[in-house]
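Read the structure below first, then the notes.
Values quoted throughout were computed directly from the atomic coordinates according to the rules given, and no laboratory measurement underlies them. Note that this is a predicted model, so its numbers are computed, not measured. Positions of Cβ are generated from backbone atoms using ideal geometry, with glycine treated the same way; all protein chains shown enter the neighbour counts.
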Amino acid sequence: MPSDMPKSYDAECASCHMAYPPGLLSDKSWQNVMGSLSKHFGTDASIEQKDQLEITNWLRKNAATRQKYSELAPENRITKTSWFVRKHDEIKADVWKRQSIKSPANCGACHSGAAEGIFSEKNVAVPAK
Ligand code: HEC
Ligand code: HEC
C-alpha cells in the first residue's frame with residue numbers, strides 16, 4: 001500500500017470491504033470505478049466531490065504499471081482480471097462461497113497481509129469453512 005494514502009481512502013473505501021491496493025487495477029479501471037460510485041456493485045457508494053477527486057487522483061497515480069496488472073478490468077473488478085483468475089484457478093467454485101470467505105473480493109479471508117497489500121504465497125491460507 002503506498003505510504004501517501006489519503007485518510008479519505010480509508011474512511012470512504014474501507015467500510016464495506018478492505019481498502020484495495022491501487023496497484024491491482026489499471027488507471028482506466030480506477031477511473032471507471034470512481035466514475036460510477038452511485039451504482040457501485042449493487043450499492044450506492046457516492047461521496048463528496050472533494051474526497052472523490054482526492055481519491056481518484058491518488059488511485060490513478062498509483063495504478064498498475066506492470067503489464068500483467070494493467071489490463072482493463074472486466075466489470076471494474078480486480079477479481080475478473082485475467083491475472084486474478086489465473087492465480088486463483090486452483091480454487092473451486094464452492095470454496096469461494098464458504099462462510100468465512102463469501103466472495104473472491106474478500107481478499108483478507110485467505111491473504112493475512114491483504115490490508116497491507118501483501119499477497120505473497122507465504123501469507124496464504126484458505127479457511128476450511
Ligand atoms: C456501501 C458499501 C461500499 C462502499 C462505501 C464502497 N464499496 Fe466497493 N464494493 C462494495 C460491494 C458490495 C462490492 C462487491 C463485493 C463482492 O462482490 O463481494 C464492492 C466491490 C468493489 C471493487 C471490486 C472488487 C472485486 O470484485 O474485484 C472495487 C475495486 C471497489 N469496490 C472499490 C471501492 C472504492 C474505490 C471505494 C471508495 C470510493 C468503495 N469501493 C466503496 C461496496 C462498497
Ligand atoms: C479463497 C481464498 C482466497 C481469496 C479470497 C483471495 N485469494 Fe489470492 N490467492 C489464494 C491462493 C490459494 C493463491 C495461490 C498461492 C500460491 O501460488 O500457492 C493466491 C494467489 C494470489 C496472488 C499471487 C501471489 C503470488 O505470489 O504469485 C495474488 C496477487 C492474489 N492472490 C491477490 C488476491 C487479491 C487481490 C484478492 C482479493 C481481491 C485475493 N487474492 C483473494 C487465495 C485467495
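Using the number of other C-beta atoms within 10 angstrom as an exposure proxy, rank GLU121, GLU54 with the fewest first.
With the sparsest Cβ surroundings first, the list reads GLU121, GLU54.
With an 8 Å Cα cut-off and a minimum separation of 6 or more residues, compute the relative contact order for the chain in percent. Mind showing how you got there, number by number?
Numbers: 139 pairs, mean separation 32.2, N = 129.
25 percent.
Please check which bits of segment 89-129 a label hung off ARG77 would reach, taking the label as a point 7 Å along Cα-to-C-beta and the cut-off as backbone N under 19 Å.
89-111
Could you size up the charge dipole of the chain around its Cα centre, putting +1 on the beta carbon of Lys and Arg and -1 on that of Asp and Glu, and report it in debye to the nearest 20?
Roughly 440 debye, rounded to the nearest 20.
Could you work out how far apart the two model spin labels at ARG86 and ALA125 are, taking each label as a point 7 Å from the Cα in the direction of the beta carbon, and quote it in nm?
Rounded to a tenth, the inter-label distance reads 2.9 nm.
Among ILE55, ILE47, rank each residue by its count of other Cβ atoms within 10 Å, from fewest to most, as a rough exposure measure.
Fewest-to-most Cβ neighbours within 10 Å comes out as ILE47, ILE55.
Taking a threshold of 18 Å on the Cα-Cα distance, which of the pairs LYS7/LYS39; LYS87/LYS122; LYS28/LYS61; LYS28/LYS92 fall above it?
Among LYS7/LYS39; LYS87/LYS122; LYS28/LYS61; LYS28/LYS92, the Cα-Cα distance tops 18 Å for LYS7/LYS39; LYS28/LYS92.
Using amide H atoms built 1.01 Å from N in the peptide plane, name the residues 5+ places from HIS40, or on other chains, whose amide H lies under 5 Å from its own.
ALA45
So how do 32-44, 76-88 stack up, highest first, on mean other-Cβ count within 10 Å? All intermediate terms of the calculation are to be shown ahead of the outcome.
On the way: 32-44: 12.9, 76-88: 15.2.
In decreasing order of mean packing, 32-44, 76-88 become 76-88, 32-44.
Please work out whether segment 1-75 counts as rounded, prolate or oblate from its C-alpha gyration tensor, where a ≥ b ≥ c are the square roots of the eigenvalues and a/c under 1.5 means rounded, while otherwise a/b larger than b/c means prolate and anything else oblate?
oblate
Which residue fluctuates the most in the chain, going by a Gaussian network model with Cα springs under 10 Å, if the choices are ALA73, ALA19, ALA45?
In this elastic network of the chain, the residue with the biggest mean-square fluctuation among ALA73, ALA19, ALA45 is ALA45.
Please find, in a Gaussian network model of the chain (springs between Cα atoms separated by less than 10 Å), the residue of ASP51, ASP89, ASP27 whose mean-square fluctuation is greatest.
Its mean-square fluctuation being the largest, the pick is ASP89.
GNM, the chain, Cα, under 10 Å: largest mean-square fluctuation among PRO22, PRO104, PRO74?
With Cα springs under 10 Å in the chain, the top fluctuation among PRO22, PRO104, PRO74 is at PRO74.
Evaluate E = 1/(1 + (r/R0)^6) for SER46 and ASN106, where r is the Cβ-Cβ distance and R0 equals 22 Å; express this FRET efficiency to the nearest 0.05.
For R0 = 22 Å, the calculated efficiency reads 0.45.
What is the helix-to-structure angle for 49-61, meaning the angle in degrees between its Cα long axis and the longest Cα principal axis of the chain, kept from 0 to 90 and rounded to the nearest 10?
60 degrees
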